[in-house]
Amino acid sequence: QVELVESGGGSVQAGGSLRLSCTYSEYASSYCMAWYRSAPGKEREKIADIDQDYTRTYADSLKGRFTISKDNAKNTLYLQMNSLKPEDSAMYYCAADPFVCGTQATFRHWGQGTQVTVSS
C-alpha cells in the first residue's frame with residue numbers, strides 16, 4: 001500500500017506562513033497527489049492537487065495564498081501556506097490516487113493528517 005506521512009503543522013499567528021510536507025512511496029511518483037483540510041464540524045475540502053506532469057489545480061478561494069508542489073527525487077509533496085488566517089485552522093491531509101485527480105470520494109490513499117492552528 002501507499003504510505004503517506006504529513007508533517008510541518010503547528011501553531012502560527014495570523015499573517016504567518018507554514019510549509020507542510022508529505023512523504024510518499026517511490027512507486028507513487030506518477031500518482032495524482034492532493035492536499036485536503038478538515039475543520040471541526042465541517043466537511044473535508046480540497047485545497048489543491050498536482051498530477052504526474054506537475055499540472056496544478058487549486059480551489060478558487062485559496063489560489064494565491066497556497067502553493068502545492070512535489071519533488072519526486074525526495075518523494076515529498078509540499079504545501080506552502082502564506083498569509084494564514086484563523087479560518088485556515090484545520091487538520092491537513094495529503095492524498096494520492098493512481099488514476100485520476102478526482103474528489104474526496106475517489107482518492108484511494110490518505111495520510112493521518114497534521115494539525116494547523118492560526119491565532120488572531
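The values are calculated or read from the model by the stated rules, or taken from the named source; none is laboratory data. Please read all numbers here as calculations on a predicted model, not as lab measurements. Cβ placement follows ideal geometry from the backbone for every residue including glycine, while neighbour counts extend to all protein chains displayed. Side chains are part of the model used for accessible areas, which takes the heavy atoms of the whole protein and leaves out ligands, DNA and RNA. Shrake-Rupley method; radii C 1.70, N 1.55, O 1.52, S 1.80 Å.
Given (1) open to solvent by less than 10 Å² (accessible area, probe 1.4 Å); (2) over 20 Å from T117 (Cβ atoms); (3) touching a Phe, Trp or Tyr at 6+ places or on another chain (Cβ under 6 Å), identify the lone condition not met by M81.
Of (1) open to solvent by less than 10 Å² (accessible area, probe 1.4 Å); (2) over 20 Å from T117 (Cβ atoms); (3) touching a Phe, Trp or Tyr at 6+ places or on another chain (Cβ under 6 Å), only one is false for M81: (2).
Could you grab me the full set of residues in the range 26-54 that are among the polar types (S, T, N, Q) and open to solvent by less than 80 Å² (accessible area, probe 1.4 Å)?
Residues satisfying the conditions are S29, S30, S38.
Name the single residue, out of those in the range 96-120 being in contact (Cβ under 8 Å) with a residue 24 or more places away in the chain and aliphatic (A, V, I, L, M), that is farthest from T55 (Cα to Cα).
Taking the candidates together, the pick is V118.
Taking strands (runs of 3 or more DSSP E) that fall entirely within the range 1-95, which contain at least 3 residues that are in contact (Cβ under 8 Å) with a residue 12 or more places away in the chain?
Of the strands (runs of 3 or more DSSP E) lying wholly inside the range 1-95, those with at least 3 residues that are in contact (Cβ under 8 Å) with a residue 12 or more places away in the chain span 5-7, 10-13, 18-23, 32-38, 45-50, 66-71, 76-81.
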